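Below is one structure, written out as structure tokens, with a few remarks after it.
Readers should treat all values here as calculations from the given coordinates under stated rules, not as data from a laboratory. Because the structure is predicted, anything quoted here is derived from the model rather than measured. Cβ: placed from backbone, ideal geometry, glycine included. Neighbour counts: every protein chain shown.
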Amino acid sequence: MTKNIMIVGVGGQGSLLASRILGNAVLLQNYDVKVSEVHGMSQRGGSVVTYVKYGDKVASPVICKGEADVIMSFELLEAARWLPYLKKDGVIITNTQQINPMPVVTGAAEYPADLVEKMKAAGAKVIAADALEIAREAGSEKAVNVALIGMAAHALGIDDETLREAVRISVPEKFLELNLKAFDLGASHSA
Amino acid sequence: MKKIMLGNEAVARGLYEAGVRFVSSYPGTPSTEITEAVAKYDEVYAEWAPNEKVALEAALGAAIGGGRSFCAMKHVGLNVAADPLFITSYTGVNGGFVIGVADDPGMHSSQNEQDSRHYAIAAKLPMLEPSDSGECLEFTKTAYDYSEKFDTPFILRLNTRVSHSQSIVETSDRVEIPVKPYEKNIAKHVMMPAMARGRHVVVEERLAELAEFAENCPFNKVIENKGAKIGIITAGPSFCYALEAFGDTASYLKLGMVNPLPKRIIEEFAAKYERVIVIEELDPIIETHVKALGIKCDGKNLLPICGEFSQELIADILLNKKNDCYTLEDNIPVRPPVLCPGCPHRGVFYLFKKLGLYVSGDIGCYTLGAAQPLAGMDTTLCMGASISALHGFSKVRGEEDKCVAVIGDSTFMHSGITGLVDITYNKGISTVVIVDNSITGMTGHQQNPCTGFTLKGEPVTGIMLENIAKAAGVDEAHIRIVDPNNLKETEAVLKEELSAKCPSVIICRRPCALLKYVKREPALTVNADKCVGCKMCMKIGCPCISIVDGKARIDATLCTGCGLCTQMCKVGAIV
């Protein structure tokens, strides 16, 4: 049995750190793990996706349509874009922050309205919160990735202590306290 | 020790553990992190070369000199390095030599899809292909023993999903391998016809030995599942996708050595199954080999040559299985990559479009200047081609006052210089714009000969682009340096040099906005009372600016205060 987690967002939002933290958390539990990242062209403000898979033995590094147990999204439109990758009964955790893609900026397309409601109406289990605000409350907008991991804590099926230990391993000492605070604040939105 | 590592980091660890002494590479996604990671080990000398040809030649020199050596590149980089690559099989090595090449099926960050296995076949070199980080480390390390045993370089074929996926590796200590003695041997190392004729015979004999070795190579593995009627022959990441799709309902022959391919293992494996399927991304290389052995199999008759594979693609095509999934009715707008907020290239491309120029483009972040709304590029071919292709375009069309080449600092050093020499030598009058952001941007901020630092972070005297232009024969009066964030000045200089009847070089110099030392200015704001909603500021394609209720609005969290939009605004609404 493998657990499939997708981390999606806009290039430059810091999803690589989130995937490192999850990779470390999974390793602490002695699972086999594969984490697949996107580098290069897509990092320049494009749509980016990271796959984290763990279990007794992981074969493919990628996650396909209908396979994700959890999708963590740094941005609302990206949550909607990757929704078809969610497994039936999976959970999608999304930041409600909106970043306009270039076709919206130039007026060639519109940012769809009410996406959280529409994803729920489609049958998906959605947890949505302003992770940027949670990170600000913890002390820095940069902690948004750890706030999201906190929000996803329940769905991830990894215990809080392991996740906190993974944060400890993955972030610099001087930012540890504010990141742990972001995790706890995020976790209060995780049910 | 058990660790989680990126495939590229695992290759670097393998190099370290194998006692490699010399690494020379040119950055290229998805291969870049190998060289960045290996540079962190003090025991290994590592450098960025100006291009892949130089890197491979330097590494070959190091191997002839008796040290274990390595060079890495992306698939198209191997095209640049093809000339020395083909000669390596003739000269052989002294110290072990491994060449890492990373293919990019699906073109996550490349201009084409290319199967590097063709090079191994054409250059008559052995090739290994790992499928995860654990194998990256193991194959890399072992390749050095093989390289020295057979006196040939080994090619390590990687792939975006292998290079950029993290999985578990088992690390061990470095083994120090002393530099081997060097003995002069012109019959082996001086490749002129008389000697090369003798070496070609050696190459063919070695290839036959390697083919025999492939029959027993521990990297070619059979995984048998009881009751399976399907036998899958596969390699690299395709093995991972196939395993996930078929599980234990099939048996697998996973080839870790993909050139030369074994004969007997394939025949023995195929004989056991009712149906044989070859699953490989890109070109049908294993399939062609299997068919040449007289074995009936499925492959590219069912699976695509174009694009990347996944378990979903394999399950859909071969098992007719599809997962249920949630869908929305809304049309989700695409989110293509864009030039970053504050990018110094933005203004240059706005001006190209404004002046209605034919723009001969090149490879780098600035290729994004081709996208709407900037749309300031006509061609992007390969590294360095902006300048040479402009020369040809201008010669046949005779419209040199309406054409420019645009190229980055690192790409100019890679292979732009010779194109400029073509222009000056052959009486061209073209204008070359070098967008000098003082770093190799697209691959994630690597140093280059112009930046003043080496890969290991040591300060050096940076090469001045203006000096190279002068040495290449451009008149000093027509080598211009401008700040691309000053639109007025840049436009004026562009117009002057386009009308000049001699070759010219315009260096648009401003560091990448993402560099740590670049200070961010305070975010700009729109005075809504002054804004007339004319959308002039939208023409520069800045991701910070949007129109809300008919007026411009700037996202303060993204804006770097570069001031380009302030210059665009005719009513002074942006401050």
Three-way shape label, segment B:27-177, alpha-carbon gyration tensor, a/c 1.5 | rounded
³J(HN,Hα), Karplus 6.51/-1.76/1.60, whole Hz, each residue of segment B:527-533, x for Gly, Pro | 7, 4, 5, 7, 4, 9, x
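Quote the charge dipole size of chain B about the Cα centre in Debye, to the nearest 20; the model charges only the Cβ of Lys and Arg (+1) and of Asp and Glu (-1).
960
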Under 25 Å Cα-Cα from residue B:501, which lysines qualify once same-chain neighbours fewer than 8 residues away are excluded?
-> B:353, B:354, B:395, B:402, B:427, B:470, B:488
Spherically averaged projected area of segment B:418-486 from its Cα convex hull (nm²) | 5.9
Taking the Cα-to-Cβ direction at residue A:114 and at residue B:306 and moving 7 Å from each Cα, how far apart do the two end points lie in nm?
-> 3.8
Under the Karplus relation with 6.51, -1.76 and 1.60 and θ = phi - 60°, whole-Hz ³J(HN,Hα) for segment B:88-94, x at Gly and Pro, equal 4, 5, 6, 6, x, 10, 10
Relative to the Cα centre, what is the charge dipole magnitude of segment B:346-509, using +1 at the beta carbon of each Lys and Arg, -1 at the beta carbon of each Asp and Glu, and rounding to the nearest 20 debye?
-> 260
Above-threshold pairs, the threshold being 25 Å between Cα atoms, out of B:149/B:456; A:3/A:125; B:74/B:516; A:88/B:3; A:57/B:272; A:34/B:221 = B:149/B:456; B:74/B:516; A:88/B:3; A:57/B:272
Anisotropy class of segment B:137-182 from Cα gyration tensor, a/c 1.5 cut = oblate
Among A:64, A:187, A:25, pick out the residue whose Cα is farthest towards the positive end of the charge dipole of chain A, where Lys and Arg carry +1 and Asp and Glu carry -1 on C-beta, about the Cα centre.
-> A:64
Report the full-extension gain for the segment residue B:397 to residue B:224: residue separation times 0.36 nm, less the Cα-Cα distance, to one decimal in nm.
-> 55.9 nm
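Over segment B:346-509, what is the percentage of antiparallel beta bridges among all DSSP beta bridges, to the nearest 5?
Among the beta bridges of segment B:346-509, antiparallel pairing accounts for roughly 10 percent.
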Note to self: C-alpha centroids of segment B:350-402 and segment B:546-562 sit apart, in Å, by 29
Span from the segment A:1-42 Cα centroid across to the segment B:232-298 one, whole angstrom | 30
Label-point separation, residue B:170 to residue A:28 (7 Å along Cα→Cβ), nm = 2.6
Would you mind counting up the charge near residue A:89? Only other residues with Cβ under 11 Å from its Cβ, with Lys and Arg at +1 and Asp and Glu at -1.
-> +1
Rounded to two decimals, the Rg over Rh value of chain A from Cα coordinates and the Kirkwood Rh reads 0.95
Can you bin the protein assembly as shown into rounded, prolate or oblate? Criterion: square roots of the alpha carbon gyration tensor eigenvalues sorted a ≥ b ≥ c, rounded for a/c under 1.5, prolate for a/b above b/c, oblate for the rest.
-> oblate
Most packed first (mean Cβ within 10 Å per residue), the peptides A:161-170, B:511-520 order as A:161-170, B:511-520
Of the convex hull enclosing the alpha-carbon atoms of segment B:221-319, the direction-averaged projected area in nm² is 5.5
Cβ-placed point charges (K, R +1; D, E -1), dipole of segment B:520-575 about Cα centre in debye, nearest 20 = 160
Listed residues B:540, B:563, B:573: farthest to the positive end of the dipole of segment B:520-575 (Cβ charges) = B:540
How far, in degrees from 0 to 90, does helix B:7-17 lean away from the longest principal axis of the Cα atoms of chain B, to the nearest 10?
-> 60
Measuring from label point to label point, each 7 Å out along Cα→Cβ, what is the residue B:321 to residue B:274 span in nm?
-> 1.7
What are the lysines whose alpha-carbon lies under 19 Å from the alpha-carbon of residue B:519, with same-chain residues fewer than 8 places away excluded?
-> A:142
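Quick check of the Kirkwood formula: for chain B, what is the inverse mean of 1/r over all pairs of different Cα atoms, in Å?
For chain B, the Kirkwood estimate is 26.1 Å.
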Please compute the net charge surrounding residue B:464, taking Lys and Arg as +1 and Asp and Glu as -1 over other residues with Cβ under 11 Å from its Cβ.
-> -1
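Pull up the DSSP beta bridges for chain B and report the antiparallel fraction as a percent, rounded to 5.
Counting only bridges with both partners in chain B, antiparallel ones make up about 25 percent.
Counting only DSSP beta bridges with both residues in the protein assembly as shown, tell me the antiparallel percent, nearest 5.
Numbers: 34 of 100 bridges.
Bridges in the protein assembly as shown are about 35 percent antiparallel.
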1/(1 + (r/R0)^6) with r = Cβ-Cβ of residue B:42 and residue B:527, R0 = 51 Å, i.e. FRET efficiency to nearest 0.05, evaluates to 0.40
Summing -39500 (n - 2.57) over every DSSP H run of at least 4 residues in chain B and dividing by its residue count gives a helix-only mean residue ellipticity at 222 nm, to the nearest 500 deg cm²/dmol, of -10000 deg cm²/dmol
